[in-house]
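Encoded as structure tokens, the structure appears first; notes follow it.
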Amino acid sequence: MGEVKSAWVARAPSNIALIKYMGKSDSFRNIPENGSLSFTLNRLCTVVELEKGVRSETDASSLRWLPEKPCSEKLTLDAESDAESPTELEQWLRVPSLGNAGISRMIRHVERVREAARARYSEFGIALSDDLPGERSASWILRSANTFPAASGIASSASFFAALTMAAAAACAKEIEAFSQAWERDSAFRSFLAGISREGSGSSCRSFDGPYVEWEGEMIHRVESKLPELAHFVLLITEQGKEVSSSEAHARVKGSPLWSGRVERVTARLARLREAIRSGDMAEVSRLSWVEFWEMHSLFHTSADPFTYWQPATLALLQQLSGAVKSSAPPIVTMDAGPNIHVLVEATRASEWSEKLSHWMGGGKVLRDSQGAGPRLLFPAGARGARG
Ligand code: PMV
């Protein structure tokens, strides 16, 4: 009744791992078997809006996902658009179409953020809101939009959970200025939010900084780099969803004979990659990333219950790229748990590479992105008054 609309909108990018998180030591809290290191993207991102609705006297539930608008193709933004302005985004934000399990996962995550805020906000000088998400107000509405093209096969859980964590964490603060100050000035606060996000979706914690982020156990930190600025391409091999989820893959790899020794090998590789990034040795980064993604896919291919994400076109392109990685100015090539191939090249050579990759793709889609620095709160802070 006459209540002013309160909403928190956050945007968070996806990230692509060069050293992979594959295999969990604690699947309840998403603690990895080994450290990983990733490159944070910029435009390939998710925007989440958490809106506090008007309380209804009779409503007992505390968090609701109202299917007020059907999800449609328009759920996704064009990857070429900048997705910067909250007013522009508002027309795209939709209540995600989720089953019961998906809805419970979202609710559990907002509750996780709320409880962590309650336990630790005072350490960061942030006073708690009088109306924490999911507590007193009857209806909290979640809307989201991806900048990935529809059904691109690009995983959105990392960017989604990072954006949801950020929006919910902002909604837990009484004063948004205190939240923004902690976010901007205190790296421990960034790491704290990344840790909450990790419990929702493991790899989302690496989206909290950038462009190079290392994740070890419960901690993340930025890795200093002397590499040139990089451009990022995704070769979209198929637009179909994957048959084996990453959660399933984390479990199944342990049934591979190659799992034995994996943690020691990947730990040594991570140390070498960190050094190569710090010293700006692009050829070494390319070599280590190449070996690492082949090793992860070999674990998939040799697990007790083997599976593959590769399509015939994946192999054809990898053949082309295997020549390129032996050149004097090699690209960084990697793959996630999917059929698409990610290629990182010096930004100054992006046009030349864009042409080459499009030619190899023979008309197939190639997405282009750049290096990013992590999530941002678009509203209330930093919204430049666009939502009044
Ligand atoms: O965060 P999850 O559980 O979706 O696992 C991600 C696993 C990979 O994307 C395959 C590797 C990684 O480190 O991101």
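Only the coordinates and a few stated rules stand behind these numbers; no lab work does. If you're wondering where the values come from, they're calculated on a predicted model, not measured in any experiment. Positions of Cβ are backbone-derived with ideal geometry, glycine not excepted, and every protein chain shown enters the neighbour counts.
I need the semi-axes of the equivalent ellipsoid of the range 167-308: take the C-alpha gyration tensor, multiply each eigenvalue by 5, square-root it, list largest first in whole angstrom.
Taking √(5λ) for each Cα gyration eigenvalue gives 31, 21, 15 Å.
Could you line up 281, 186 from fewest to most neighbouring Cβ atoms inside 10 Å?
186, 281
When a footprinting reagent is the concern and you count Cβ atoms within 10 Å, what order do 45, 172 take, fewest first?
Ranking 45, 172 by Cβ neighbours within 10 Å, fewest first, gives 172, 45.
Can you give me the Rg/Rh ratio for the range 168-250, using Cα atoms for both radii and the Kirkwood formula for Rh?
With Rg and the Kirkwood Rh in hand, the quotient comes to 1.06.
Given a cut-off of 24 Å, what percent of all Cα-Cα pairs of the range 254-388 lie beyond it?
Here the long-distance tail beyond 24 Å is 44 percent of all Cα pairs in the range 254-388.
Starting from the amide H of residue 53, placed 1.01 Å from N in the peptide plane, find each other amide H under 5 Å away whose residue is 5 or more places distant or on another chain.
139, 140, 141
Around residue 223, which amide H atoms from residues at least 5 apart in sequence, or from another chain, sit under 5 Å from its own amide H, with H modelled in the peptide plane?
212, 213, 214
Could you compute the FRET efficiency for residue 355 and residue 127, with r as their C-beta to C-beta distance and R0 at 45 Å, rounded to 0.05?
0.25
How do 206, 185, 265 rank when sorted from fewest to most other Cβ atoms within 10 Å of their own Cβ?
So the residues, fewest neighbours to most, are 185, 265, 206.
Work out from phi, with θ = phi - 60° and the Karplus expression 6.51 cos²θ - 1.76 cosθ + 1.60, the ³J(HN,Hα) of each residue of the range 297-307, listed in order in whole Hz, and give x for Gly and Pro.
Rounded to whole hertz, the list is 5, 5, 4, 4, 5, 10, 5, 4, 10, x, 8.
Long-range amide H contacts for residue 365: which residues qualify at under 5 Å (H placed 1.01 Å from N, peptide plane, sequence gap of 5 or more or a different chain)?
Amide H neighbours of residue 365: 236.
Could you tell me which of 277, 335, 293 has its Cα farthest along the dipole of the range 258-359 towards the positive end, charges placed at Cβ (Lys, Arg +1; Asp, Glu -1), taken about the Cα centre?
Toward the positive end, the furthest listed residue is 277.
Got a sec to turn the phi values of the range 220-232 into Karplus ³J(HN,Hα) couplings, 6.51 cos²θ - 1.76 cosθ + 1.60 with θ = phi - 60°, whole Hz, x for Gly and Pro?
10, 8, 6, 9, 5, 9, 10, 6, x, 4, 10, 9, 10
For the range 263-271, in order, what is each residue's ³J(HN,Hα) by Karplus, 6.51 cos²θ - 1.76 cosθ + 1.60 with θ = phi - 60°, in whole Hz (x at glycine and Pro)?
4, 5, 4, 6, 5, 5, 5, 4, 4
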